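The structure under discussion appears below in the form of structure tokens.
The values are calculated or read from the model by the stated rules, or taken from the named source; none is laboratory data. What you are looking at is a predicted structure, and each value in this text was computed from that prediction instead of being measured. Cβ: placed from backbone, ideal geometry, glycine included. Neighbour counts: every protein chain shown.
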Amino acid sequence: MAELTAEDWLATVCPDLLSRGELVYGRWLLMADTRMATTVQGWGSYRSEAQAWLAAHLWQRATMGSPAGLTPTAAQAVGSVTNETASNGRDDSNRSRTYTVLKSPHRGDDELLTTIYGSNYIQLRNLCPAFGARNIRL
């Protein structure tokens with residue numbers, strides 16, 4: 001199977017942006033490409049997907065604000081749950097979770113967390129060995 005392009009990923013990630021036409025979405029993809037951290041090698045096979053997520057984030061922030069309503073506080077556990085232990089009682093006071101969460105501090109993460117697109121960009125970034133994720137026990 002051929003590797004997907006950023007345009008291919010944008011069709012899945014944000015069809016609304018893609019529907020604006022090549023002139024519009026092409027500029028947002030270019031803007032995202034110039035803002036992406038590190039080299040192509042740092043992203044590995046995730047670069048095209050990450051570019052689509054970042055383009056969608058930039059477009060949403062510039063044209064629609066942040067309807068996703070994510071705040072840095074609410075998005076701190078954006079990573080996947082890797083382990084969870086619940087109490088035997090009726091309340092959740094003994095609940096314990098381990099998340100794979102956002103590596104920090106990265107400049108700009110608070111702004112990225114304001115949209116679901118930016119949040120997914122960070123999650124994808126953390127899958128890359130050049131950036132990495134870390135486990136935090138809550």
Problem - GLU7 at pLDDT below 95 and either in a loop (DSSP other than H, G, I, E, B) or surrounded by 10 or more Cβ atoms within 10 Å (Cβ to Cβ) (or both) - result: no
Exercise for the section: Can you confirm whether the stretch 10-32 contains a residue that is within 17 Å of GLN123 (Cα to Cα), in contact with a Ser or Thr (Cβ under 8 Å, 6 or more places away or on another chain) and modelled with pLDDT of 95 or more? Expected result: no
